[in-house]
Structures are given as C-alpha cells and as structure tokens.
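The values are calculated or read from the model by the stated rules, or taken from the named source; none is laboratory data. As the structure is a computational prediction, the values presented were derived from the model and not from experiment. Here the Cβ positions follow ideal geometry from the backbone for every residue, glycine too, while neighbour counts run over all protein chains shown. With ligands, DNA and RNA removed, areas are computed over all heavy atoms of the protein, side chains included. Shrake-Rupley method; radii C 1.70, N 1.55, O 1.52, S 1.80 Å.
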Amino acid sequence: MGIFKKQSKEEKIENRERKRIHQQILQKEYEFSKQNKIPPQGYFVSLQNINKIYDNHVQAVFDFNLDVKPKEFIVFVGPSGCGKSTTLRMIAGLEDITYGNLFINGMYANDLQPKDRDIAMVFQSYALYPHYNVFDNLAFGLKIRKVPTLKIDKKKYNEQLQIVIKKEKELSKIRDDLSLLKKAAIKRDDESLKEKIVIEQEEYDIIEKEVECENAKLKEIAEQPILGIDYASIRKIKKDLSYYTMMVRQFEKENEKLIKKAEDNSLEEKTYKHLVEENNKKLKMAQESLDRTINSLRYYETTEVPIYKNKHLSKREIRQTVEKAAKILDLSEYLDRKPSALSGGQCQRVALGRAIVRNSKLFLMDEPLSNLDAKLRVQMRSEIVKLHNRLGTTTIYVTHDQTEAMTMATRIVVMSKGYIQQIGEPKEIYNHPANIFVASFIGSPAMNIFDVSYDNGTLMVSDKYRLKLSKEYIKAHDEFYQNAIREMEDKINKVKLEICAYEEYQKNLIEKKVQKNKDEILNDASHYEFNKLELRKLDKTLLSYQKIVKTNRHVLKMGIRPEDIVRVEDKTSKHVLSAPFKEKVTVSELLGHEYYVHFNIGQKEIIAKTQGNDDIKIGDEIEFAFNIPFLHLFDEISTKLIK
C-alpha cells in the first residue's frame, strides 16, 4: 500500500474552495456562452480572461489576457508546468477553454474545430512520416485538406490550363537542351556550341516570359467568380435564425415568471426587479442578433454572390506550393530524401515547411528547437526569425529558454504557476522586471538578488557596506508601501463583507426572519471557512506593511545585474557609481571576451561581469561599485518591484 500524506484542515478547506471556483467558472461560462461576442479591433489574436481547469479541479491557467497584433512574434516563456504549452494548445483547439474568450482574426474561436482556425503548428518532436520522402511529408497536409474554392468558368479555365502546361513542357525541354549544351561546351572549346547556347538562352527567356504571361491569365480566370444564390450560407443562417428565435422566446418567458414572482413576494421585490433588468439586457442582445440574422437572410436570398466550395488542391497546385516552401527553406535538393537521411536541423526545417505550405495566417510553435544541439539551436533561431520577417505571419512561440525569448520576440509573455507575470518587449522586461521571478528568470547569468536591511533611506548590504538611496528611491519606497496598505485594506473589507453576510443570513434563517436565498456566498459553509482562513492571512500581511510604514526599518530584496557591478577601474562617463567596496575573488570564469567574477559580500554570493582583457585569478582583491540607475528594490512579502 502507498503512504498518503494526511491533509491538514487548511488544505481540505483550500481543496473545497478550488472545487467551488471550478463549479462557479463552469456556471459563468454556461451563462456567458449565450451572449454575443464582440471581437476587439486591430488585433489578430485576442485572449480574454482565459482559464483552464481540469476535471480534478486543478487550475493550470488563471485569467490569461493578451492581445496580439498582426505580424507580431510573441514568445511564451517560463519554467516547466507554468501553463505556456496549455495556453498554446487552447489557441490551437487541442485543449478546451474552461472559461474566457478566444478571438482569431476577428472570429470567436472557442467552439471552432482546429481545422477551421486557419493555423499551422510546429511541435517539439518533428513528427515526420519516416516512410515518406521530404516532398510527400510537405505535401501530405495539402493532399488531405479541402480549401474553399471559388466557383468559376471551368471550360475557360481548363483551356487556359492546357496552354500553360504546353508552354511549361516546351520550357522544360529547352532547359534540358541548354543544360546539355553547357556541359558539352565545358568539355570542348567550340565556337558553334557557344553560338547555339546563346540562341537557346534567348529562346528560353522568350518562352519563360510567355509562361509567366499565360500563368497570369490563368490566375485572372481563377479569380473571376460565377455569381449565384449561396444556398449553403442560407441553410447556415436559417439555423442561426431558429436559435435566436428560441432564445428570445426563452427570455420573454423568464421575464413573465420573474415579474409574477416579484408580485407574489413583496419581501424580495428588489431582488426580482434586479433579475428582470438583467434578463431584459439579455433579451435585448438576443433580439438584436435576431434582427441582424433576418437582414442577412434577406440579403442572401435576393442577392447573387460569389459561391465557394470546399475542394482538394490539384496535383499541380500542390507541387508548386511545396517547391516554393522548399526554396524558402533551402530544401530543394533534399525533396527525394527520407527523414532518416537528414540531419536534425534539416528535419526541423521540414517540420517548419509543413507549416509554411498551409499558407496559414497564424503559426504556433511549441518548443521546436529543444531537441537540437546548442550550435543548431543558434542557427535555427536566426532562420525562424528570418522566415517570420519574410512571410510576415503572426507567430506565437513557446519556450523555456530565456535566450530564445530575448533574441526572437517582438514581445515576451513571462509565465509562472499559470499566471502571467509580465508582458513587454525584451528590453523592457530585462531592464524593468515586474517581480523577483521575472528578474531571476530573464538574463544569463541571472540577476543578483539578496536580502538587505532598509533603515530610513539607507541600505545595509553587509556589516561593512552601506548604501545611501536617492530621494527618488525613497519616495518610490514610501509610495509602494502606502499603496500596499490600501490594497490590503480593500481586500480585507471585501472578505469581511462576505463573512458578515453569511453570519447574518444564517442567524436570520434560524430565527425565520428571512426566506431561503439561493445566493452561493450565503449558503456555502466551506467558502465561509475559506474566507476566515484568507482573512487571517490578509490581516497578518497588513500588520507587516503597517509595521514597515511605522518604523521605516525592514528587510527587502535588492537586485542588480552582473554587468551593473562595475570594476572601479572600468568606470566610464555612462556610469553613476555607488561608493566602492573591495572584495576577494572566489571563482573566476573566463568566456573569452568577458569574465564572470564570483565574490561574497558578507554571506551573500555575487556574480559580476567584467572585460576579458585582464587576467583575473581566484584570490585577487578587486574594487567594485554598483551602477545606481540599474539598482532594483523588491518587496520581500509580495516579491513585487518597488523601483
């Protein structure tokens, strides 16, 4: 038998609260699913209050909010288990969204199948078919996929297609002849051969222009639709019409019931009036949707429009698409090879190629470089960035490697334990981290973060070394803790209101002064216990903050990047240095162009970056100073950035 740890009373209360939140979120999602969804303007992907809770009530993602502009390269970065891949899979449609809205290209995408979201995904494993060559691996998705195709004049199109095929064969024959002539000319120096090559080349150029011209005509015919009544759209609109008609009737019946209850029960008249108002808002939205649907139906029934049908691509279109993608990724000469005959980098390029051939407007990449060695990772990193710049496709990329995030992203989303810690451009996140987690996760080596004692504007870094803060830092410190007290008081008041409401309601219910109320907060005993537990924690935190403001003495976290700990002899006009301190080198790491120098300030181990010009050895005593503008102060309790 396994040994199970016995749960404490607090853990049981927290588990029951998780279950309550899960049920509450499911109820909210059910109610919210009936409302109209308005997509935000100017964004290609929008995630609004996205939550993911599994069946065992474990929440993986909490209130994820992000708006992605067209052509942006967004990177989700964080440690394993932070929810980044789960969020990506929800965007792809491989995971259900428990609560929240997802919009892709202006469409509400929560209920869309993955195949209908117009996305292309690159996975951590290459997922190539070992028995197919590169061409077939790239073409596989195109062969099975149906795409919306305009209804056109087939006779005219086929006639033009035959002309194009004839010209392409003629061009191919001349190309082969030209290749043979050039090989012969290399073997023997013959003037007549050179003349033939010139004539053939001129003929090749003429035919090539003719092929381009005929292809342009073919494209023009393919873009000229035959107009007609779109019966498929009419059937779909009629389904929407019946749904919205049913919703309007449902809300009207609900209104009648609520008005009758309000008349019968004078004690709770206000409550029912509020419910009637809420129901009327829903009724109005349903009625507006119904009116829009009726107008759409009238338009499609009376207006001839271009008609689309889902069809497979032709072999010619597949070949052209694959060859174009292969050219972009430098895979043209490997199209006949199987994956076993390719290197890791080439396999990864084939996986990228499968995404490119779909011609999707959104690329999703889930740690695509994690299986490659360090050298290939650097190479593929730059190739993906170049590819993004060339194609201009909106890309969302997941990684646990902060170097990939810093070098590739337009904006970075740093995640931890299911929460967004910070969103910003790489430079912003590096120089202004929102909290200790972001500061320590982004940057290599990580930011030096250690305890210091704050005493009325002075930091006691060690017994020997003190640092006087500027007025700007002192003002930011005081404002931070005053705001923290106000936030804590607001949270405490909110929790106290729920506790008092529960106690008063239960008391009145026993004394039969009120009728039974269905409000969850008034009936849930476990939520009441959780609130009391939460109140104790909040009171403790508030007391800590009040003590800090009263005494102006406490412990906080100081952070400084290794490159901002400067050798005094390396000082430049850009540096604003603190008072110097001399310390003994404990470890010296040479990286060629720079040293990582380890030393101790009191009991704290610090890493500094210095130039690689000089010879720094273990035991050397070096005079350092802090670059004051890049000093970071963090609150020890909340771990948030003070300044």
Handout entry: Paired Rg and Dmax values of region 39-175, which use every Cα atom, in angstrom
Key = 21.4, 69
Exercise for the section: Just need log10 I(q)/I(0) for region 445-488 at q = 0.14 Å⁻¹, Debye formula, equal scatterers on the alpha-carbon atoms, no solvent, rounded to two decimals. Expected result: -0.44
Exercise for the section: Would you work out the relative contact order for the chain, in percent, from Cα pairs under 8 angstrom that are 6 or more residues apart? Expected result: 16 percent
Problem - Average silhouette area of region 280-401, convex hull of alpha-carbon atoms, in square nanometres - result: 13.3 nm²
Problem - From phi via Karplus (6.51, -1.76, 1.60), per-residue ³J(HN,Hα) for region 617-634 in Hz, x at Gly/Pro - result: 10, 4, x, 5, 9, 10, 8, 10, 8, 8, 7, 4, x, 10, 7, 10, 10, 10
Problem - Restricting region 517-626 to trypsin sites (Lys or Arg not before Pro) in coil, as DSSP defines it, with at most 15 other Cβ within 10 Å - result: Lys518, Lys571, Lys574, Lys617
Exercise for the section: If a/c stays under 1.5 just call it rounded; otherwise compare a/b with b/c (prolate if a/b is bigger, oblate if not). Do that for the chain, with a ≥ b ≥ c from the square roots of the Cα gyration tensor eigenvalues. Expected result: oblate
Exercise for the section: Kindly provide the trypsin sites (Lys or Arg not before Pro) of region 452-489 that DSSP labels as loop, not H, G, I, E or B, and whose Cβ sees at most 14 other Cβ atoms within 10 Å. Expected result: Lys464
Problem - Paramagnetic reach from Tyr204 in region 163-185 [backbone N under 11 Å; point 7 Å along Cα→Cβ] - result: 172-183
Practice task
For region 294-341, take the alpha-carbon Rg, divide it by the Kirkwood Rh, and send me Rg/Rh.
Solution key: 1.40
Practice task
Assign one of three labels to region 525-614, namely rounded, prolate or oblate, based on the Cα gyration tensor with a ≥ b ≥ c the square roots of its eigenvalues; rounded applies when a/c is under 1.5, prolate when it is not and a/b is larger than b/c, and oblate otherwise.
Solution key: prolate
Exercise for the section: Compute the FRET efficiency between Asn265 and Asp291 as 1/(1 + (r/R0)^6), taking r as their Cβ-Cβ distance and R0 = 45 Å, and round to the nearest 0.05. Expected result: 0.85
Exercise for the section: Compute from the Cα atoms of region 386-495 the Rg and the Dmax, the latter being the longest Cα-Cα distance, and quote both in angstrom. Expected result: 18.9, 58
Handout entry: Helix-only mean residue ellipticity at 222 nm for the chain, each DSSP H run of n ≥ 4 adding -39500 (n - 2.57), per residue, nearest 500
Key = -17000 deg cm²/dmol
Exercise for the section: Please calculate how many Å² of accessible area the chain carries per residue, with a 1.4 Å probe and no DNA, RNA or ligand atoms counted. Expected result: 59 Å²
Handout entry: Selection from Ile560, Val75, Val585, by position along the positive dipole direction of the chain (Cβ)
Key = Val75
Practice task
Counting other Cβ atoms within 10 Å, keep those with at most 13, restrict to DSSP loop, and tell me which trypsin sites (Lys or Arg not before Pro) in region 45-101 are left.
Solution key: none
Handout entry: Carbon and sulfur %, accessible surface of region 233-358 computed with the full protein complex present, 1.4 Å
Key = 49 percent
